[in-house]
Amino acid sequence: MVPTVRRAGAFAVVGTLSLVAPALVGRVDARVAMVASTLPFVLVALFALTAVDQGGRLFELFARPGDYEEGRLYGLAGFSLAGAGLALLSLRFGMPVAVYVATVLLLVVGVLAEAGAREATADAFVAVGAFAVGAFGAGVLGQLAAAALDVSTGFDPPTALFLAATGALLAALLRSMLFERDDPLVMLTVGLVLWLFADLSLALDPTQVLAGLAITVVLGYVSYALKTASITGMLAGVFLAFLTVILGSYGWLAVLVSFFGIGGLSTKFRYEEKRERGLAEGDDGARGSGNVLANSAVALAAVLGAAMSPMIGLPEYVFFFAFSGAVAAAMGDTLSSEIGGLYDDPRLITTLERVQPGTDGGVTWQGVIAGLGGACIVAGIAAVFFGLGPLPTLVIVAAGFVGMTVDSVLGATVERNGGVIDNQGVNFLATLVGALVSGGLAVAVGPVAL
């Protein structure tokens, strides 16, 4: 067995210590259960830091590349302390035991599956897919094991599928953006996110969850195959789309996918010409996770807001309009840049002086028309799926146009010439403005007018 697979298997064995918690909950005193569940991970961490010398079998079994420089198993120690932290959150602060167990197991089994795939093929997509599949299966089985060991923990199949899929996709995304040594951070982040979703008490259908997962994975693969997204960009898109279809609906997904699809293809449109003009996206136009998240983070927040609307006190339709406005702004800005950049004589939006193509804040009338058309496409799709009338459709178009314009103004002021905000920050703020305009107008006119 190759060293990477052996190491992943060894970490998976350590990860099974998470099963101590459900085995003890309800059977012993709560404080005893907390100490007994946390202590094994703490002891492994102390053992890794003090008792394992470089060159020994245990060191060679668990050592990650960086551990050889320090002579200590810092990777194992960090992983174990993260496991202890989640155990403490579970038994002291109310994180569901099933979430704790699933988080630990989906990470270690996913890493093991990925290590095995990397030994079989050099295809990065296959390796990431192996991680996601392994993590998903381990997440479901982890929740099932927790329910079997702890009679107070119920097992709801739709919720288990949703949490496992969310955890697997989020872990795969974070690991594609971070380093292997950051797995403890991945574990803690996934655990906290799944805790949030578990507390929402969502009414889910297993068919909806599996269908949503299948649809978003297929769309993600298509974006990767067409080279409109890198692996990290594809993972970010699939994660966002999956949450959108589960927490929203297929209509919400259609609105979001309109941006991913048309926006991605617009990047490829006359790509060589844009490359010659110095305006093309890097990596042959494949958008990475930073670009995807900058354009979609506000929309995701709106989806989460809709799912939490009973607790927040705002009606769901407000978040829907915020979501659509954010996507319309992202679409408008993307088409304005990708289409408008092909034309000469752009003018700076703040002074109307002529500037060189590609100048931050420079706009052409062709780009403005293209951007407005993009906002209209998003609004039209929302109108078709949700039966919107002229006024609410116009609200989304207006929000997209305002967000697109704000993007150009910010580009000409705070981004231009190495300003305080980079392009991704400007994109985020533009979508935020689009969401606020659309959601604000929805609140102002009220559900009757809409």
**Asked** Wholly within segment 239-309, which helices (runs of 4 or more DSSP H) include no fewer than the required count, namely at least 1 residues that are in contact with a Leu (Cβ under 7 Å, 6 or more places away or on another chain) and at pLDDT 85 or above?
**Response** 250-268, 289-307
**Item:** Residues (more than 9 Å from SER336 (Cβ to Cβ), open to solvent by 60 Å² or more (accessible area, probe 1.4 Å) and not aromatic (Phe, Trp, Tyr)) located in segment 362-388
**Value:** CYS376, ILE377, VAL384, GLY387
**Asked** So is ALA33 loosely packed, with under 13 Cβ neighbours inside 10 Å and of a type outside the set (D, E, K, R) or not?
**Response** no
**Prompt:** Any idea which of THR431, THR334, THR359 is farther than 23 Å from ALA254 by Cβ and either open to solvent by less than 70 Å² (accessible area, probe 1.4 Å) or within 26 Å of the chain's Cα centre (by Cα) (or both)?
**Reply:** THR359
**Prompt:** If the Cβ limit is 7 Å and pairs must be 6+ apart or interchain, which residue in segment 130-149 that is within 13 Å of VAL104 (Cα to Cα) pairs with which residue that is surrounded by fewer than 24 Cβ atoms within 10 Å (Cβ to Cβ) and of a type in the set (Val, Ile, Thr)?
**Reply:** ALA146/THR153
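Out of everything in segment 196-226 that is of a type in the set (Phe, Trp, Tyr) and open to solvent by 30 Å² or more (accessible area, probe 1.4 Å), what residue ends up being farthest from THR103 (Cα to Cα)?
TYR224
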**Request:** Return only the number of the condition from (1) small (Gly, Ala, Ser); (2) surrounded by fewer than 22 Cβ atoms within 10 Å (Cβ to Cβ); (3) touching a residue at least 40 places away in the same chain (Cβ under 8 Å) that GLY411 does not satisfy.
**Result:** (2)
**Request:** Scan (1) within 23 Å of the chain's Cα centre (by Cα); (2) open to solvent by 10 Å² or more (accessible area, probe 1.4 Å) for the single condition ALA164 breaks and write down its number.
**Result:** (2)
**Fill in**
Counted residues in segment 175-188 being assigned to a helix (DSSP H, G or I), modelled with pLDDT under 95 and among the aliphatic types (A, V, I, L, M) come to 1
**Asked** Somewhere in segment 21-33, is a residue more than 30 Å from GLY154 (Cα to Cα) and modelled with pLDDT under 90?
**Response** no
**Where TYR317 falls short, out of the listed (1) under 27 Å from ALA412 (Cβ atoms); (2) modelled with pLDDT of 90 or more** = (1)
**Request:** Answer with yes or no whether GLY341 is modelled with pLDDT under 90, in contact with a strand residue (DSSP E or B) (Cβ under 8 Å, 6 or more places away or on another chain) and surrounded by 21 or more Cβ atoms within 10 Å (Cβ to Cβ).
**Result:** no
**Message:** Exactly one of these conditions fails for TYR100: (1) surrounded by fewer than 20 Cβ atoms within 10 Å (Cβ to Cβ); (2) under 28 Å from LEU163 (Cβ atoms); (3) among the aromatic types (Phe, Trp, Tyr). Give me its number.
**Reply:** (1)
**Fill in**
Only one of (1) of a type in the set (A, V, I, L, M); (2) in contact with a Leu (Cβ under 8 Å, 6 or more places away or on another chain); (3) closer than 20 Å to ALA301 by Cα does not apply to LEU210, and that is (3)
**Message:** Are there helices (runs of 4 or more DSSP H) fully within segment 1-117 with at least 1 residues that are touching a helix residue (DSSP H, G or I) at 6+ places or on another chain (Cβ under 9 Å) and in contact (Cβ under 8 Å) with a residue 60 or more places away in the chain? List them.
**Reply:** 3-15, 20-24, 30-50, 65-70, 74-93
**Asked** Among the numbered criteria (1) in contact with a Lys or Arg (Cβ under 9 Å, 6 or more places away or on another chain); (2) modelled with pLDDT under 95; (3) open to solvent by less than 60 Å² (accessible area, probe 1.4 Å), which single criterion is violated by LEU76?
**Response** (2)
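The values are calculated or read from the model by the stated rules, or taken from the named source; none is laboratory data. Remember, predicted model here, so these are calculated numbers, not experimental data. Neighbour counts run over all protein chains shown; Cβ positions are idealised from the backbone, glycine included. In case anyone asks, the SASA skips ligands and DNA or RNA and just uses the protein heavy atoms, side chains included. Shrake-Rupley method; radii C 1.70, N 1.55, O 1.52, S 1.80 Å.
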